[in-house]
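Below: one structure, written as structure tokens.
The values are calculated or read from the model by the stated rules, or taken from the named source; none is laboratory data. The shown structure was predicted, so the numbers you read here are calculated from the model rather than taken from an experiment. Here the Cβ positions follow ideal geometry from the backbone for every residue, glycine too, while neighbour counts run over all protein chains shown. Only protein heavy atoms, including side chains, enter the accessible area calculation; ligands, DNA and RNA are left aside. Shrake-Rupley method; radii C 1.70, N 1.55, O 1.52, S 1.80 Å.
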Amino acid sequence: MRMTGDFIDRFRDFDLIVMSTYNFIHPEVLARELQKPIKVLGLIDDPYSTYLRGIPYLWAFDGAFFISPGYIDDLPFEEAIQRWSDKPAMWWPLVPFPFSRPEKADEAFFRQRDVDVVYVGNPNASKVERLTRLKRHFGDRMRVHGRWPFKGYLGFVRGLLGKPFYPYRVTSLVPEERTQLYWRTKIGFNMHVSDQPYETGNIRMYETPAHGMLMVCDKAAANAHASIFEPKAEAVYYDSVNEAIDLIEHYLIHDDERIRIAQAGYERYWRDYQWEPNFLRFLDWAFSIQREHQIVQEGR
């Protein structure tokens, strides 16, 4: 309660409050005690958290943003959210900080790479099972990094619990190490939490093309992945792990095809998805809600 009181005292006169992960303030407190700021709720872990952390709070917010243009099955997120609220909503690409850009992105930048495949990310049960299958196939040609529990030995612990065994230690990277690895890698493998084509647009989906890698990524609900990077032109998408393996092998052999798609994805990222322009676009949208809010208040 002390934290809630401090929050109210600190932010009651702000123009804008953005709950960019999960809302931790009771909606009645937001509605009664924080009437001046425009309040925007971020829907960032859907479809899993929609009915737990999203919908119950929407009424206390003036708008919402979502990071996945796909929601579930054949339903886009922009249509799904209209079922839950009449509040304005926008898609905000999940690029939370500026990525590093090389001084010169010539053909050598895309061609002269000595690492075949990379995946950097934290584990959950389904992801580890998928990574186990890829690592079993590619062996030393695939590098996996992330902040895995038990000092990186989570894969061994899983085996002791009767789950699929991932017999490799996974180490973490500092940002500079990750950037240098990405600039050396031909193909970036991407996957989302869902086993089915639901959400899309995690951080890897942007940082992979941003660093000149060809992205091989899982598909999304309502083909929403295609609205982020064009299939077979700016990225490559798969329906199953076996198909992902086949696609990776194909593009490791056909270098010119890989480079063509990687360059197009790289250009698309730096044209449409850089952090600062999207952040400014979000602020313009949020303050347009403020103007509408003020008009309504004055009309009363």
- GNM, the chain, Cα, under 10 Å: largest mean-square fluctuation among Asp218, Asp13, Asp62? Asp13
- Item | Calculated Rg and Dmax of the chain using C-alpha coordinates, Å | 21.3, 67
- Nearest 10, in degrees from 0 to 90: the angle of helix 175-184 to the longest Cα principal axis of the chain is 50
- Task: Express the carbon and sulfur contribution to the solvent-accessible surface of the chain as a percent, rounded to the nearest whole number, probe 1.4 angstrom.
- Result: 50
- Long-range amide H partners of Lys39, meaning residues 5 or more apart or on another chain whose placed amide H is closer than 5 Å, are Ile17, Asp62, Gly63
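Taking 4 °C and 1.567 mPa s as the conditions, I'd like the Stokes-Einstein D for the range 232-273 in µm²/s, using the Kirkwood hydrodynamic radius from alpha carbon pairs.
119
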- Size of electric dipole in the chain: Cβ of Lys, Arg +1 and of Asp, Glu -1, about Cα centre, debye, nearest 20: 1060
- Query: Looking only at the range 158-184, which residues have a backbone nitrogen under 15 Å from a spot 7 Å from the Cα of Phe150 in the C-beta direction?
  - Reply: 158-171
- Message: Please report Rg (one decimal) and Dmax (integer) in Å for the Cα set of the range 89-171.
- Response: 16.6, 49
- Message: Percent of Cα-Cα pairs more than 21 Å apart in the range 212-283, please.
- Response: 31
- Query: Ranked highest first by the average count of other Cβ atoms within 10 Å around their residues, in what order do 5-11, 282-288 fall?
  - Reply: 282-288, 5-11
- Query: Between Glu249, Glu33, Glu103, which gets the highest mean-square fluctuation from a Gaussian network model of the chain, Cα cutoff 10 Å?
  - Reply: Glu103
- Calculate for the chain the 222 nm mean residue ellipticity that helices alone would give, adding -39,500 (n - 2.57) per DSSP H run of length 4 or more and normalising by residue count, nearest 500 deg cm²/dmol. -13000 deg cm²/dmol
- Item | Ratio Rg/Rh [Cα only; Rh per Kirkwood] for the range 121-222 | 0.96
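Taking the square root of 5 times each eigenvalue of the Cα gyration tensor, what semi-axes in Å does the equivalent ellipsoid of the range 39-196 have, largest first?
They are 34, 23, 14 Å, listed from largest to smallest.
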- Keeping all protein chains in place, calculate the accessible area per residue for the chain (probe 1.4 angstrom), answer in Å². 51
